[in-house]
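Working notes, beginning with the structure itself.
The values are calculated or read from the model by the stated rules, or taken from the named source; none is laboratory data. Here the structure is a predicted model, which is why all the values come from computation and not from measurement. When we count neighbours, we look across all protein chains shown, and the Cβ atoms used for this are built from the backbone with ideal geometry, even at glycine. When the accessible area is computed, the model is the full protein with side chains, heavy atoms only, and any ligands, DNA or RNA have been set aside. Shrake-Rupley method; radii C 1.70, N 1.55, O 1.52, S 1.80 Å.
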Amino acid sequence: MKKNTIKVSIIGAGFVGSTTAYALMMEGLASEIVIVDINKEKAVGEVMDLAHGIPFVKPVDILAGDYKDTKDSDIVIITAGAGPKPGETRLDLIDKNYKIFKSMVPEIVKYSPNSILLVVSNPVDILTYVTYKLSGFPPERVIGSGTVLDSSRFRYLLSKHFNVDVRNVHSYILGEHGDSEIAAWSLTNIAGIDVDNYCKCICKNCDGNFKMGILDQVRNAAYEILDRKGYTSYAVALAVVRIVEAILRDENSILTVSTLLKGQYGIEDVYMGVPTVVGDTGAKRILEVNLNEEEKGNLKESSAVLKESLSEIKFQ
Ligand code: NAD
């Protein structure tokens, strides 16, 4: 008989981890959710708060546990990690999180050797690569949230500019989840009409300045939210649950998760956000979409930024 329970574990009960648990619970996708945090009291508190809402959603068991409680998870979502401290460099942060992942990933793998690992902690592309190396899992089963959130921010901003339903806006942000990410303008379309033609149809301004401005807003979105409320949680949680849904329902959805490139776009041995078919085995296939020459060049530059950071890590 086919397995009829779905277990999802979340490592890290911070803003992102606990909001992801809430969104997951609301979606009714999992029959068991386990939350692990080095700060056990925080995990217990979040779980109590979530569990008191269970009468209002589909049946689910939620518990705060240790790694042994994550045993046989279908998906393990990693949101744990250290945030930047004043005066710390980007490399200090990578180094600190590498050490955290070195203690965390072997524990996850020990108890859930057949799971799919979904990394959300930042810098997500770097830490997804680190997780891939530390886990020994095939790359299909180690994915990062990549630019799924950035792509949704991009589509949202375009939908506001054009005053159309965001579900009719199709486009991607690709590359690093960070400052070097690129907008795939050459693929952007509104209900199948390419963006430049759509602009002409409705007499809207879509010149280079407009395009750069929109990309800047996407790139700066997290900084702006952090300045105002100190963290981001809602949209990232929904993006993570969207990826989880694509996996659990074997949807073969095309999402810009962070995936290991093996020569696609002339790039290899780096994780970054590219359109990928996501289903029950994880990242099933990377799509090589038709970017223009400028976009291809910018995507390569984005991969170079990530490779430089990776070269600083002493894998051991
Ligand atoms: P947070 O500080 O609120 O939560 C992090 C949690 O990790 C804390 O509860 C902490 O106790 C826990 N933790 C630290 N070390 C641990 C360990 N060794 N084992 C278990 N738990 C441990 O941070 P947050 O706001 O929830 O953000 C979490 C991560 O998600 C950050 O790296 C953040 O940058 C990232 N993030 C990613 C995206 C994305 O799109 N990929 C978006 C938003 C945030």
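Remarks
- What segment 270-316 shows is 52 Å² of accessible area per residue, with the surface traced by a 1.4 Å probe over protein heavy atoms.
- Residues of segment 7-144: accessible area per residue with a 1.4 Å probe, Å²: 44
- Shape class for segment 82-200: prolate, because the ratio a/c of the largest to smallest gyration tensor axis (alpha-carbon atoms, square roots of eigenvalues) is 1.5 or more and a/b beats b/c.
- Cα gyration tensor, the chain - rounded (a/c under 1.5), prolate or oblate: prolate
- Expressed as a whole percent, the accessible surface of the chain that belongs to carbon and sulfur atoms is 52, based on a 1.4 Å probe.
- By the Cβ rule of 4.7 Å, the chain holds the following cysteines without a possible disulfide partner: C201, C203.
- Distance from segment 232-246 to segment 51-70 (C-alpha centre basis), Å: 18
- Among the protein heavy atoms, those of H52 account for about 130 Å² of accessible surface (1.4 Å probe, every chain in place).
- Whole-angstrom gap from segment 282-306 to segment 161-222, using each part's C-alpha centre: 17
- Take every Cα pair under 8 Å whose residues are at least 6 apart in sequence, average their separation, divide by the length of segment 166-223, and the relative contact order is 26 percent.
- Between helix 15-27 and the chain: long-axis angle, C-alpha atoms, 0 to 90°, nearest 10: 90
- Those aspartates and glutamates that a straight Cα-Cα span of less than 14 Å connects to K110, excepting residues fewer than 8 apart in one chain: D66, D69, D72, D74
- Between 0 and 90°, nearest 10: helix 234-248 axis offset from the chain longest Cα axis: 80
- Top of V257, V119, V169 by mean-square fluctuation, Gaussian network on the chain, Cα under 10 Å: V169
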